[in-house]
Amino acid sequence: MTRNRTAPQDEPSQPVEQGRKSLRLTDSCRHLLLFFACLLTLYLPLSLPAAPLEPTAQHEWLAEWVKRGEFDAHWLNELLAPLTPDSKVLRLMDSQAEAKPYYLYRRNFINERRIQRGRVMMRSNRAVLQRIQKQFHVPPEVVVALWGVESHYGQHSGSLSVLRTLYTLAANYPRRAPFFQEELRQFLLLCLEENWDPNELEGSYAGAIGQMQMMPSTMRKYAVDFSGDGKRDVFNSSADVLASIASFLAGHQWNPEAPMAIALNEKINPDLSTLKSPSLNTMRPWQEWQQEGINLGSKEKFPEANEPAALIALEEEQGSRYYMVFGNFKVITQWNRSSRFAMVVRELADQLRKAP
Ligand SMILES: [Ca+2]
């Protein structure tokens, strides 16, 4: 009964086996069933689906893409009309982890398993990482750390349909709809350019794709073919994945001479809690911090006088821990806005650099 009510009326809604059984029904039974079906139609009008509107007619933004000549209306409608919103995606978007204190957040990423596998990956990709470093001027351990944090080195790249996820968020998540509408557009353009089947690709609940979990717009801009086969295969080729990460970092002005972050020793510094930067957008040249008495202790890599710097605090079990963070730290926050994210990338990279 439920099946009949939700199925379009002009289509056979019975699975094959049930269909076979119905062949044995007598004519009078069939008429009786038809009668009851008509009654249901009369008394339960609200439960019947409205005639489905074509997506390009339903959503102005889709119509606009067609008007601009970016997509064929028929192609879009065929792709999008069968999709239903994915409630799991909406639930996950709304339940995004409240900002956990750093020491709890870190546990998900900095653990023996991820460090050991990262070291194996550093070794098994050594040659390609050297070529990448030569071309993009970014350190291998940072590239591999981002790969490790994003997908455990390609082991977990998400298993949700990218198309359905992005359409769900573009059409049913008002808080960030314009953002996801643009990501859906970029995804569809990518599919056309790369000859990908939009229905085939899987990704995260936010629509991030590939082993480095880039959003489609970022991927379209920064992904590269480094294996030389002419395809940006961010799903299977570790050379393409690693070079794409490096291409992003280089594109955001990674400075190979500068540090990312340096933890501050409170015993040799002024009261750090009063000096904290309001945000990473208010970085000041390192020399201004020096003039305020900030002491980095003895470190291998000192920043240049004009290196942009900010003072941040992350929560440890014993209380706040303070760091001077520099331009490269901000580059990582262009990948993911969270300072905690940038700091786990830096910690994992440190562990990988020390690799035996
Ligand atoms: Ca390739």
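Residue 320 versus residue 113, label points 7 Å from Cα toward the beta carbon: distance in nm?
Output for this residue pair reads 3.4 nm.
Taking θ = phi - 60°, what integer Hz values does the Karplus form 6.51 cos²θ - 1.76 cosθ + 1.60 yield along the range 212-220, in sequence order, with x for Gly and Pro?
Working through the residues one at a time gives 9, 6, 8, 5, x, 5, 5, 4, 4 Hz.
So how far apart, in nm, are the two label points at residue 135 and residue 290 if each is 7 Å from Cα heading toward Cβ?
The modelled label-to-label distance comes out at 3.7 nm.
With the dipole of the range 54-123 worked out from charges on the C-beta (+1 for Lys and Arg, -1 for Asp and Glu) around the Cα centre, which of 61, 79, 103 lies farthest toward the positive end?
After comparing all options, I get 103.
Of 152, 59, how do they rank once you tally other Cβ atoms within 10 Å and put the fewest first? Could the numbers behind the result be given before it?
Numbers: 152 16, 59 19.
So the residues, fewest neighbours to most, are 152, 59.
Any idea which of 268, 286, 311 is furthest toward the positive side of the dipole for the range 261-333, if Lys and Arg beta-carbons carry +1 and Asp and Glu beta-carbons -1?
Positive-most Cα among the choices belongs to 286.
Hey, can you rank 225-238, 264-277, 328-341 by average C-beta count inside 10 Å, highest first? Could you put the intermediate results ahead of the total?
Working: 225-238: 17.0, 264-277: 13.3, 328-341: 19.7.
Going from most to least packed, we get 328-341, 225-238, 264-277.
Rounded, prolate or oblate: pick one for the range 40-198, where a ≥ b ≥ c are the square roots of the eigenvalues of its C-alpha gyration tensor, a/c under 1.5 means rounded, and failing that, prolate if a/b is larger than b/c, else oblate.
prolate
Could you give each residue of the range 339-346 its phi-based ³J(HN,Hα) in whole Hz, using Karplus coefficients 6.51, -1.76, 1.60 with θ = phi - 60°, and x for Gly or Pro?
Each residue of the range 339-346 in turn: 5, 5, 4, 4, 6, 5, 4, 5 Hz.
Apply 1/(1 + (r/R0)^6) to the Cβ-Cβ distance of residue 220 and residue 301, taking R0 = 35 Å, and write down the FRET efficiency to the nearest 0.05.
0.55
None of the figures in this text is laboratory data; all of them are computed from the coordinates on show. The model shown is predicted, which means the values in this text are computed figures rather than measured ones. Ideal geometry is used to build each Cβ from the backbone, glycine not excepted, and the neighbour counts take in all protein chains shown.
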